[in-house]
2 protein chains.
Amino acid sequence: MANYEQLRLRNQLCFPLYVCSKEVVRKYKPLLDELDLTYTQYITMMAMWEHQQLSAKELGNILYLDSGTLTPVLKTLEKKGFVERQRSKDDERSLIISLTPEGNELQDRAAYIPEAMGKCIDMDLEDLKTLHRLLHKFMDTSIK
Amino acid sequence: MANYEQLRLRNQLCFPLYVCSKEVVRKYKPLLDELDLTYTQYITMMAMWEHQQLSAKELGNILYLDSGTLTPVLKTLEKKGFVERQRSKDDERSLIISLTPEGNELQDRAAYIPEAMGKCIDMDLEDLKTLHRLLHKFMDTSIK
DNA sequence: TTAAAATTAATTGTGTACAATCTATCTGAT
DNA sequence: ATCAGATAGATTGTACACAATTAATTTTAA
């Protein structure tokens, strides 16, 4: 029988990426539950806190999500009162997302999350910085 | 207005992990389409190629997936003729997954995928090795 | 000017993920 | 021997993720 060493899970890059990504989202869950946000809703709100107002298109570019994913997320966030959705006057095709006062206030309640998450990760800072740098490098060289 | 630097997407570890993971899966898609496999089905088959026979429980431990995810994946792989599902004689609770001849042959057709994927990633080998090492370290220190 | 092409969201369909619950089976302590 | 607890999968419900298609609007080029 052939022994395809390169087909072993432990030798792939994809698999630890996939596992680590899911694990981080899992670790966020109890923290995000208190804000009534899912992980996808959380990163959407992070983009909104940073930019205050964005079109759905711009949001998709920032988050690497298409309208099939974003449309229901934005409708949910609107239902929760954190954002408003309205068509652009300039271009009726474009959907403008803006923060509500409640959405803005949520940022205060979210402010402790990055630090709380940091405490969950038992790796030294140097490794985390390297990991962060290499992931960004991977994104920059591999996407699109 | 407060400026929560640590809440910016670019300063998170979670976000590049999430984006890179999705991006890698997206890059696999055209290669896996030829095998009639999704990414989740592919890593399941990789575990099977490595072990020949596993219980659903063991598969879940290897892949970090629970029965809610695995049950439909395994039923699909059975329908495609790549694995067999049968209850253990020793313990009726346990579901034994084994490779069919077709499932085994699929490994030959999958053998070129790791190399093809490698060519899609435009990062030097040293960085990729470091990334691989740090992701495994992250998995080992952060999960469970 | 106007018809074709491009752009933006929304919709549809498939396939995960995972928490929570359920069901069947097995194990162990009395 | 038996029943309480543990264990293994299956099921249910919610929420993505994304490809493909659709619908509405805008842009562009003949």
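A few remarks follow.
- Residues of the range B:25-56 satisfying the condition of being under 24 Å from residue B:140 (Cβ atoms) and either within 11 Å of DNA strand C (Cβ to nearest atom) or exposed (fewer than 15 other Cβ atoms within 10 Å of the Cβ) (or both): B:25, B:39, B:40, B:42, B:43, B:44, B:51
- On the stretch given as the range B:95-119, residues that are surrounded by 15 or more Cβ atoms within 10 Å (Cβ to Cβ), more than 10 Å from every other protein chain (Cβ to nearest Cβ) and not hydroxyl-bearing (Ser, Thr, Tyr) total 6.
- One residue from B:99, B:135 being in contact with a Cys (Cβ under 8 Å, 6 or more places away or on another chain) and not polar (S, T, N, Q): B:135
For every residue, the table says whether it meets (1) farther than 29 Å from residue B:45 by Cα; (2) more than 13 Å from chain B (Cβ to nearest Cβ).
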site: A:3; (1), (2): no, no
site: A:6; (1), (2): no, no
site: A:11; (1), (2): no, no
site: A:19; (1), (2): no, no
site: A:33; (1), (2): yes, yes
site: A:38; (1), (2): yes, no
site: A:48; (1), (2): yes, no
site: A:93; (1), (2): yes, yes
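- Residues of the range B:4-36 that turn out to be touching a residue at least 12 places away in the same chain (Cβ under 8 Å) and more than 11 Å from DNA strand D (Cβ to nearest atom), as a count: 5
- Residues of the range B:43-80 that turn out to be in a helix (DSSP H, G or I), of a type in the set (Ser, Thr, Tyr) and farther than 14 Å from residue A:19 by Cβ, as a count: 3
- Scanning the range B:122-144 turns up at least one residue that is closer than 16 Å to residue A:128 by Cβ, at the interface with chain A (Cβ under 7 Å from one of its Cβ atoms) and among the small types (Gly, Ala, Ser).
- Sole residue being within 12 Å of DNA strand D (Cβ to nearest atom), free of Cβ contacts under 8 Å to residues at least 40 places away in the same chain, touching a strand residue (DSSP E or B) at 6+ places or on another chain (Cβ under 9 Å) and within 14 Å of chain A (Cβ to nearest Cβ), chosen from B:74, B:59: B:59
- Looking at A:66, A:122, A:127, just one residue is loosely packed, with under 13 Cβ neighbours inside 10 Å and under 30 Å from residue B:137 (Cβ atoms), and that residue is A:122.
- Just one residue in the set B:66, B:90, B:122, B:108 is acidic (Asp, Glu), away from DNA strand D (no atom under 16 Å from the Cβ) and farther than 21 Å from residue A:4 by Cα; that residue is B:122.
- Selection within the range A:81-108 - among the β-branched types (Val, Ile, Thr) and either more than 13 Å from DNA strand C (Cβ to nearest atom) or assigned to a helix (DSSP H, G or I) (or both): A:100
Taken together, the values in this text are just the output of simple stated rules run on the coordinates, not laboratory data. Everything numeric in this text was worked out from a predicted model, so none of it was measured. Note: ideal-geometry Cβ built from the backbone for every residue, glycine included; neighbour counts use all protein chains shown.
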